[in-house]
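The values are calculated or read from the model by the stated rules, or taken from the named source; none is laboratory data. Computed from a predicted structure; not experimentally measured. Surface areas here come from the heavy atoms of the whole protein model, side chains and all, with no ligands, DNA or RNA. Shrake-Rupley method; radii C 1.70, N 1.55, O 1.52, S 1.80 Å.
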Amino acid sequence: MTHRSRFSALLLPFALLAFIPKHPLEVVMSPAEEQLRALLATYETSLNAADAARIEQLYAEDGVFMPAGFPTASGRSAVRGAYDAVFSNIRIAIHFTVDELTVKGDLAYARTHSAGTATVVATGASGPEANRELFVFARGPGGWKIARYMFNKAS
């Protein structure tokens, strides 16, 4: 192999690098997945703002909230009451990460985990807050809503 051909052989991999896209490939989501991720983002924002009224609207009429260590709340008004009770005791600043999102027709589920802080309203004491969550969604005339939601601490 001549000096010139060796040099060309060495340059070839670098020349090929020029054709690799500069931005990572985007994951293409279905409209339903985009809507569900937007719903989860709104839930996160509403939770961090202690906005029980907004959270109530994110649930289906027959939605169920199953918080760890507390009674199950069934139906929007009970869900609202449960969140009002939570927010009267703690303030939350967390972020959700979607681990899995599956859509099957008018039903979907998301497996997530969250991390952040919780502050006790009465004392101002603050500490880490981390959970794993399961959301079940239903699509109806008003779009996607939370049908069932439960969370617990990861061991």
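Would you kindly derive the ³J(HN,Hα) couplings of segment 89-95 from the backbone phi angles with the Karplus curve 6.51 cos²θ - 1.76 cosθ + 1.60 (θ = phi - 60°), listing them in order in whole Hz, with x for Gly and Pro?
Along segment 89-95, the couplings run 10, 9, 10, 10, 9, 9, 10 Hz.
Show me, for segment 98-115, the HN-Hα J-couplings you get by feeding each phi into the Karplus relation (A = 6.51, B = -1.76, C = 1.60, θ = phi - 60°), rounded to Hz, glycine and proline as x.
7, 8, 7, 9, 10, 10, 10, x, 9, 10, 8, 9, 10, 9, 10, 9, 10, 8
Write down the accessible area per residue of segment 93-143 in Å², having rolled a 1.4 Å probe over the full set of protein chains.
About 55 Å² of surface per residue is accessible.
Cα atoms only: what Rg and Dmax, in Å, come out for segment 71-133?
14.6, 46
Rounded if a/c is under 1.5, else prolate if a/b is larger than b/c, else oblate: which is segment 28-155, with a ≥ b ≥ c the root eigenvalues of its Cα gyration tensor?
prolate
Residues with amide H under 5 Å of I90's amide H, sequence separation 5 or more or different chain, H placed in the peptide plane at 1.01 Å from N; which?
Correct list: V121.
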